[in-house]
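Q: Just passing along the structure, written as C-alpha cells.
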Amino acid sequence: MIQEHAMKPRNLLKANSSLITIRTSLLSLLFAIVIGGAIIAAAGYSPLETYAAMFKGSLSSRKGIVLSLTQATPLIFTGLSFAIAYRVKLVNLGAEGQLYLGAMAAAVVGYYVQGLNQFSHVSITLLASATVGGLAGLFIGYLRIRFGAQEVITSIMLNEIIILFTSFLAAGPLKGQNSVTVQTERIASTAMLPVLAKQSQLTIAFILAIVIALLLAVLLNKTVVGYEMRVTGFSRRAAETGGIKVWKIYLLTIFISGAVAGLGGASQVMGVNRRFVEGFSASYGFSGISVAALAVYNPIAVVFSGIIFGILRAGAMTVSRTTSIPVEFVSVIQSLVVVFMAAPKLGLDVIALPKKLYGWIQQIRTRQTMRGGQAHE
Amino acid sequence: MLSMQNITKRFTSTLALDGVDFQLRQGEIHALLGENGAGKTTLMKILYGMIKPDTGQILLDGQPVNMRHSTDALSKGICMVHQHFMLIPAFTILENVITNDEPRKGIFTDVAAAREQVKALIARFDFALDPDARVEDLSVGEQQRVEILKALYRKAKILILDEPTAVLTPHEVNNLFSVLRLLKAQGTSIIIITHKLKETFAIADRITVLRDGRIIQQDLLPSDTDVSRLSCMMVGRQIQKQRPAKQKETGATCLEVKHVSVSEHSIAKLKDISFAVHKGEILGVAGIEGNGQSQLLEVLTGLRKPDIGEIFLNGSVVQGDAATFLKNRISHIPEDRLSMGLVKEMSVEDNLILGYHHEETVCKHGFMRKRSIAERAQESIKSFQIKTHDSHSLVRTLSGGNQQKIVIARSLNHDPEVMIAAHPTRGVDIGAMEYIHSKIIEMRDSGKAVLLVSADLDEVRTLSDRIIVLYEGRIVLSSLPGEHSEMQLGIMMTGGVLTDDTGACHETT
C-alpha cells in the first residue's frame, strides 16, 4: 500500500520528462515565431504574408528544399559542437573561430596538396580541418584546466584573434593571385565535396553532419567515455569522487567540440565557396548555440533543429530578395528561441495564463457565494 | 492559545499533511515528534507562513489568522529557528539580530539603542555573546543562540525550533534546554520539532506524534508514556534496539594511517594523525563537524593527497587518485550523498556503477554492457530493497533513504576490503537507517574493516567497536565501548579535559 503510494509520483515524472522537453522546444519555437511576427508587423509588413512567403520559398520547391538543407549543414556542425561541449557543462562559444580555422586549414590543404584522388584528398582535407579546429578547442580546455580561466571568456576572446589571423592569411601570404577581395586560391577539384543535387551547393557534407551526429550519440550513450562525460556534466564532484579524471574528459570533449566546428568550416570551403573567403560565415558559430539549445543538447535532435533553422534562413533569403525584410531577421527568431529555451517556465507560464485567470475568477466567485451563504446562516 | 485545524497539504502527488489538528497552550514546551518526512517541518512552515495549506485554518487566541508570508507570522509574535540557520555570516551578531526590525532615529538606524537592547537580552539569558562578534566566527551552538536572540528581540510569543539539537554537543544541548526553560517561565510557548526521544522526555511538557502526515497521538503527557511506546508510535512498529553484541575476533591491521597532516589555505586541518582499522572492526570517528573529518575522508579516499604521511592497506602503501583507491577496494560512502555520491539526473542503474564503470561486468572494449548492467541493477534493487519504479528511474525521484541504499549497494557489490562510511544515515528515515546499520555490521562480521565518521554521536556509540575523537585536527581520545560516557565524549569533542569530576559523572550514568 505504502509502496504503491510512493511509486506514483515517479511514474508521472518519468513519463513527463521527455514530453516536457519536446513540448518546451516546440513551444519555444512557436513563441519565437509569434513574437517575430509581431516585430514584422511593427516594421509595417504583414506577418502572415511574410511567413507564407518564407515557407513557400524554402519548402515548396525542390530548389527551396535544397537551399534549406545547404543552409542547415554548417548549422548542424556548429550545433553539435556547442551541444557536445555543453554535455560536460563547458560553454564553448568559440565555434565561430574554430569554424574559421577549420575553413582555413581546408583551403590550405585543398590548394597546396596536389595529385591525390578525390577520396584521399577530401579525407585528408577534412582531417586537417577537424584537427586544427580541435586543437583550438584544446587550447581553451588547457587554459581552463591549467589556469582556471573560464572557457566562456577565453573561447569568445579567442574568436577575435583567430578570425583576424585567418583574415591576415587570406589578405597576405595566402591571398589568391587574381582576386580583388580578401580570399585564398581556389582549392583543387579533387578536394571538392561531391554534390548531392545537381546545380546546387548541397554536398555530402550534409550526410557527414548526420553521421557525426549519430557517432556522437553513440559515444555519449553507449560508451564508457560517454558515461564519464555524462557524469561529469551532471555533477563534477560526483565524477571526481567516482574516480573519473575530469580534466581528461574536459580536454577530450572540447577537442571533439572544436573538431566538429572545424568540419563545419571545411564544409563551406570544400562545398560552397571553394576557397576561404573573408567573413564567409553568416554567424554560423553563434547560431549553433540556438540550434543546440532547441535540441536540448541531444545530438540526434540537433540534426532536426539544424534543419528547422536552415529552413528559416533559406526562407528569409528568398523573402529578402522580394521585400526589404533583411536576412538578419532570422537571428531575431534564433535569439528568441534561446530565451525561451533558457527559461522554459516562461513559455509554460504564458500557456498557463488563461487557465490561471479562469482559476482566479472561479476562486473569487466561490468566495463570494460562500460569504453569501454565511450571511444567510 | 494556538490551534491549527484540519490542515491538509498536498505536494504534486504526495500527501504531506492529511487533516492535521495541533494545539499549543500558553507557556508550554510542546514536542512535535516524528520520523523524517512525517510532515513536522511542513506543518510548522505552514504556521510560519512559508507554505500555504490546501485546507484548514489557524486560530490564534481564538481568532482565525491568515498567514500568507513569514512577515505575517513575525508580526503576530511567531518566530522560527530553522534547522539550517538563516544568518548572514559577514554581519555581526547585533546586525543579524536587528536586521529588518531596526530601531530608528529619523532615517538612520539607532545603533546605540539597538546595542543596549541586545546587550540587555544577552545578559538576561546569560548567553555569553559579544554583540559585535561576526557570525562567521561563531560556533554552531553560538549561532543557534543568535537565532534565539533574534526571536527574543522580536518579543516572540511562540518560538518554533526545528531539530535544534541536531548540530549540538551534549553540553550545548543542556545549555539550550535551560534557556528554553527560562523562556517558558516567562510565558513563551515553544514548539520543538525533533525525532530524538531522549530529549523529548528531558524537555517537553506535551508531545504530539506525527506519522506519514497524520496525527498519531495528540497532547500526550511524558509521564503517561515511555520510550518504546513513543518510538512505536513514530515508526508504526516496534524498533529492535540493536546493539551489535556479536563480534568476531578483531583481525590483523587492514587500513593504517601514519602521521598524516593536511593543511588548507595554510591552516592546519589534520595534525599528525595516526591510527589503524583492523579486519572485523568498526572504528568510529566522533567529533563536531569541521574538526578535520572532511579532510580525513578525502585523504582516505584519494580525493586529496596528504601533505605529509602515508596510508597503508594490508601493509602496502596506497597512493594516487580516487580511481586508485577504488581499485584497491577501499569503498566510499561520501559525506554528501547528493553532490558526491550520486548523480541525481541519472538513472538508478547508471548510479550503481559509478566509480566501478571500468569493471568487466560493466564494459567491454569501451562500450557499456547495457544488459549486464541492467541485470545487476535488478539484483541490487531486490537484495537491497531499493524502492524505485524501475532501474531506469532517475535517482532524484527516490527518497533520501533509497538514494543512500544505492550508495551502500554500490559499495558492497564490489567486494570492498575497507569501507569509509561518512554519515551513512544522515537524513534517512528510521527504517532505512536500521537497514543500513545492519549492512555495515554484516560487513564487519564478514571480517572487513569499516571506518565510520558520523556527526551523530549515538550512531557512533552504537555501531563502533572503538571510537576516536577528533578535535581541531588531532585525535584527542581513543575509547573502547563503555569506557567513556556520552557526556565525557562530548567534553572531548569540544576540546575539554577529562577530570576526576567528570569521571564520577560517568559512574553515576
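The values are calculated or read from the model by the stated rules, or taken from the named source; none is laboratory data. Bear in mind that the values here come from a model prediction, so they are computed numbers and not experimental data. All Cβ positions, glycine included, derive from the backbone under ideal geometry; neighbour counts span all protein chains shown.
Q: Test of understanding: among B:G302, B:G309, which residue is facing chain A (nearest Cβ under 10 Å), crowded, with 16+ Cβ neighbours inside 10 Å and among the small types (G, A, S)?
A: Exactly one residue qualifies, and that residue is B:G302.
Okay, residues lined up against (1) out of contact with any Cys (no Cβ under 6 Å at 6 or more places or on another chain); (2) assigned to a loop (DSSP other than H, G, I, E, B); (3) outside the structural domain of B:L168 (by TED's automatic domain parsing); (4) farther than 26 Å from B:A185 by Cα:
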site: B:R10; (1), (2), (3), (4): yes, no, no, yes
site: B:V20; (1), (2), (3), (4): yes, no, no, yes
site: B:E35; (1), (2), (3), (4): yes, yes, no, yes
site: B:G49; (1), (2), (3), (4): yes, yes, no, yes
site: B:F85; (1), (2), (3), (4): yes, yes, no, no
site: B:N100; (1), (2), (3), (4): yes, yes, no, yes
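Q: Same structure, new question: If I filter the range B:273-329 down to residues being in contact with a strand residue (DSSP E or B) (Cβ under 7 Å, 6 or more places away or on another chain) and among the acidic types (D, E), which single residue comes out as nearest to B:G447 (Cα to Cα)?
A: B:E281
Q: Against the definition (away from chain A (no Cβ under 11 Å) and more than 25 Å from the chain's Cα centre (by Cα)), how does B:S347 come out, yes or no?
A: no
Q: For the range A:238-262, name all the residues that are buried (at least 24 other Cβ atoms within 10 Å of the Cβ), within 14 Å of chain B (Cβ to nearest Cβ), assigned to a helix (DSSP H, G or I) and not polar (S, T, N, Q).
A: A:A238, A:A239
Q: Any chance the range A:220-237 includes a residue that's hydroxyl-bearing (S, T, Y), under 21 Å from A:V302 (Cα atoms), more than 14 Å from chain B (Cβ to nearest Cβ) and surrounded by 19 or more Cβ atoms within 10 Å (Cβ to Cβ)?
A: So far as the range A:220-237 goes, no, none of its residues is hydroxyl-bearing (S, T, Y), under 21 Å from A:V302 (Cα atoms), more than 14 Å from chain B (Cβ to nearest Cβ) and surrounded by 19 or more Cβ atoms within 10 Å (Cβ to Cβ).
Residue-wise test of (1) surrounded by fewer than 24 Cβ atoms within 10 Å (Cβ to Cβ); (2) within 23 Å of B:V257 (Cα to Cα); (3) free of Cβ contacts under 8 Å to residues at least 40 places away in the same chain.
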| site | (1), (2), (3) |
| --- | --- |
| B:D429 | yes, no, no |
| B:M433 | yes, no, yes |
| B:H437 | yes, no, no |
| B:I441 | yes, yes, no |
| B:D445 | yes, yes, no |
| B:A449 | no, yes, no |
| B:A455 | yes, yes, no |
| B:I467 | no, yes, no |
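Q: Go over the candidates B:D212, B:D205 one by one and state the one that is acidic (D, E) and touching an Asp or Glu at 6+ places or on another chain (Cβ under 6 Å).
A: Just one listed residue meets the conditions, B:D205.
Q: Out of B:D101, B:D72, I need the residue that is touching a Gly at 6+ places or on another chain (Cβ under 8 Å), acidic (D, E) and surrounded by fewer than 18 Cβ atoms within 10 Å (Cβ to Cβ). Which one?
A: Answer to the selection: B:D72.
Q: Can you tell me which residues in the range B:342-388 are outside any loop (DSSP other than H, G, I, E, B), buried (at least 18 other Cβ atoms within 10 Å of the Cβ) and touching a strand residue (DSSP E or B) at 6+ places or on another chain (Cβ under 7 Å)?
A: Answer for the range B:342-388, where residues must be outside any loop (DSSP other than H, G, I, E, B), buried (at least 18 other Cβ atoms within 10 Å of the Cβ) and touching a strand residue (DSSP E or B) at 6+ places or on another chain (Cβ under 7 Å): B:S347, B:M368.
Q: In the range B:129-148, which residues are touching a strand residue (DSSP E or B) at 6+ places or on another chain (Cβ under 9 Å) and in a helix (DSSP H, G or I)?
A: B:V135, B:Q144, B:E147, B:I148
Q: So how many residues does the range B:389-406 have that are part of a helix (DSSP H, G or I) and under 18 Å from the mean Cα position of the chain (by Cα)?
A: 6
Q: Considering only the range B:214-248, how many residues are closer than 20 Å to B:L15 by Cα and either of a type in the set (A, V, I, L, M) or modelled with pLDDT under 85 (or both)?
A: Result for the range B:214-248: 6.
Q: Related question: So is B:I58 buried (at least 18 other Cβ atoms within 10 Å of the Cβ), at pLDDT 90 or above and either farther than 30 Å from B:L168 by Cα or among the acidic types (D, E) (or both) or not?
A: yes
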